[in-house]
Amino acid sequence: MRVLLPSPLFSYTSGQREVEAHGACVADVLHALDARYPGLRHRIVDEQDRIRPHIRFFVNGEAVTTLGRALAEGDELIIVAALSGG
Amino acid sequence: MPVTVASTWSLLIGTRKGAFLYRGDTTRSNWSVEGPHFLGSVVNHLVLDARDGRTLLMAAKTGHLGPTVFRSLDAGRTWVEAKRPPMFKKASDPDARAVDSVFWLAPAHASQPDVWYAGTVPVGLFRSTDGGVTWDEVTGFNGGLFPSIKHRVENIPDGSLLHSICIDPQDARHIYIGLSTGGVFESGDAGASWQPLNRGVEANFLPRDDAEFGHDPHTLTLHPLRPSRLYQQNHCGIYRLDRPGVEWRRIGRAMPKEVGDIGFPLVMHPRDPDCVWVFPMDGTEVWPRVSPGGKPAAYRTLDAGETWQRQDRGFPREQAWWTVKRQAFCADACDPLGLYFGTTSGEVWASLDEGESWSCIAAHLPHIYSVSAAALA
């Protein structure tokens, strides 16, 4: 499926904003991404599998709050980095 | 006897918006900047492994992204991320802790090349045995001591932090740490077990005067030539302890009353255990945490805290409302000793005459969190 990444993660993907990854749920896709781009997952999900405070996930435009959210081929996962403060 | 002086020194600077390397010449008067590295990253600490003179570790995160450690094996020219940064073990508890920031990095004993320690926010202690590539929990602290003291170290809005990891140069297994808040703790078995070491330290924010722990050391130091000599700059004053004693003495009482003895950093003279510098800040009423009266000054003692001398030649005489964070004041090993610090307003100041006079060698940097002097190979 198509995964859209925010600019803070471009250093992991050599500048690619859009990558392909597969998995039965969001967690699987993140593990697949981490295998290809080592270290990426820990920057957006902590060691207790909680999504970091300034990161948001959307599947087909719908906000996702748990990594267990099921995915189907053809879905689109968008990872958004939303910063606050100066 | 003077310590061998490296031909050149560099300043490793961590800021709220990235890292900078200032490379000095043999006079320590001319500095060229390299950076920013990792522009936009919060860099809490940037440290050289003095055991090899070339390995640097950097504790970093960004506003969006979680914490990690970057390594350089070529004195800062290229960087690689740790394969497994410090992280707590996975737990089923929904409130299980996760590392928010790596706050402190410390090479271990000289006899243990590639061993490093890291302190985190929230308080956690981690060890790497491969030069910072992978990190594991020091379970004697994270799973041993911490659960028994957590009621005194949690619930701080910006997070409690573990800092000042001090390794006894005479015994690799003998370690001191500071928890802010939490207090000073000591291990004689490489972190397997810990004992509090806070007797005599005031803690006016605790309900009891005789609490064993829960204090707030801002910086803890151990003298390399006399490791029985400890100093700490605490939230409640400046203290000295000579082991095997266990009772800290508030040597900050000898500071001028109008200045007080509150601050973050404390720097020792590497060749003189009786010589220490502090950089006081305003800790009155609402704790402005700026230079007292807007008049910055370092204070030095030459007699282990019996008396203090103000050192402010070169600093602004008024309306300078900055201060110096706990990792942002350091010394080189030259003779005379060079002193360096970074300010919350993004300036770097240097003294090449042991604090007698100061000059600003860099300005307009982001808020500075750490400065360390390094003899890069």
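Inspection of the range B:22-35 identifies no residue that is touching a residue at least 24 places away in the same chain (Cβ under 8 Å) and closer than 23 Å to A:Pro53 by Cα.
Residue by residue, here is whether (1) under 16 Å from B:Ser345 (Cα atoms); (2) among the aliphatic types (A, V, I, L, M); (3) part of a strand (DSSP E or B) holds:
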position	(1), (2), (3)
B:Pro273	no, no, yes
B:Thr284	no, no, no
B:Trp287	no, no, no
B:Glu306	no, no, no
B:Arg310	no, no, yes
B:Ala320	yes, yes, no
B:Thr323	yes, no, no
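Only one of the numbered conditions (1) more than 14 Å from chain B (Cβ to nearest Cβ); (2) within 11 Å of the chain's Cα centre (by Cα) is violated by A:Ala24, and that is (2). Mind listing just one residue for me: the one in the range A:54-74 that is outside any strand (DSSP E or B) and either among the acidic types (Asp, Glu) or at the interface with chain B (Cβ under 9 Å from one of its Cβ atoms) (or both) and, of those, nearest to A:Glu18 (Cα to Cα)? Across the range A:54-74, the extreme among qualifying residues is A:Glu73. The one condition from (1) in a loop (DSSP other than H, G, I, E, B); (2) at pLDDT 95 or above; (3) more than 23 Å from the chain's Cα centre (by Cα); (4) surrounded by fewer than 22 Cβ atoms within 10 Å (Cβ to Cβ) that B:Leu65 does not meet is (4). For the range B:37-57, a residue qualifies if it is in contact with a Lys or Arg (Cβ under 9 Å, 6 or more places away or on another chain), within 14 Å of chain A (Cβ to nearest Cβ) and in a strand (DSSP E or B), and exactly one does: B:Val42. Of note, B:Gly346 satisfies the criterion of being of a type in the set (Gly, Ala, Ser), surrounded by fewer than 23 Cβ atoms within 10 Å (Cβ to Cβ), over 15 Å from the mean Cα position of the chain (by Cα) and not in a strand (DSSP E or B). Among the numbered conditions (1) in a loop (DSSP other than H, G, I, E, B); (2) buried (at least 19 other Cβ atoms within 10 Å of the Cβ); (3) of a type outside the set (Gly, Ala, Ser), the only one that A:His42 does not meet is (1). What do you reckon, is B:Ala75 in contact (Cβ under 8 Å) with a residue 60 or more places away in the chain, surrounded by 18 or more Cβ atoms within 10 Å (Cβ to Cβ) and more than 10 Å from chain A (Cβ to nearest Cβ)? Yes: the conditions hold for B:Ala75. Could you list, in sequence order, all residues of the range B:173-194 that are in a loop (DSSP other than H, G, I, E, B) and closer than 20 Å to B:Asp136 by Cβ? Matches in the range B:173-194: B:Asp189, B:Ala190, B:Gly191, B:Ala192, B:Ser193, B:Trp194.
Tell me which residues, restricted to the range B:220-240, are under 27 Å from B:Val286 (Cα atoms) and touching a residue at least 40 places away in the same chain (Cβ under 8 Å). Steps first, answer last, please.
Just the residues of the range B:220-240 that are under 27 Å from B:Val286 (Cα atoms), to begin with: B:220, B:231-240.
Selection gives B:Leu220, B:Tyr231, B:Gln232, B:Gln233, B:His235, B:Ile238, B:Arg240.
Selection of the range B:75-90 for residues being at pLDDT 95 or above and assigned to a loop (DSSP other than H, G, I, E, B) yields B:Thr78, B:Trp79, B:Ala82, B:Lys83, B:Pro85, B:Pro86, B:Met87, B:Phe88, B:Lys89, B:Lys90. So, of the residues in the range B:22-39 that are surrounded by fewer than 15 Cβ atoms within 10 Å (Cβ to Cβ) and small (Gly, Ala, Ser), which turns out to be nearest to B:Gly66 (Cα to Cα)? Residue satisfying both the conditions and the ranking: B:Ser32.
The values are calculated or read from the model by the stated rules, or taken from the named source; none is laboratory data. Remember, it's a predicted structure, so these values are computed and weren't measured experimentally. We place every Cβ from the backbone using ideal geometry, glycine too, and count neighbours over all the protein chains shown.
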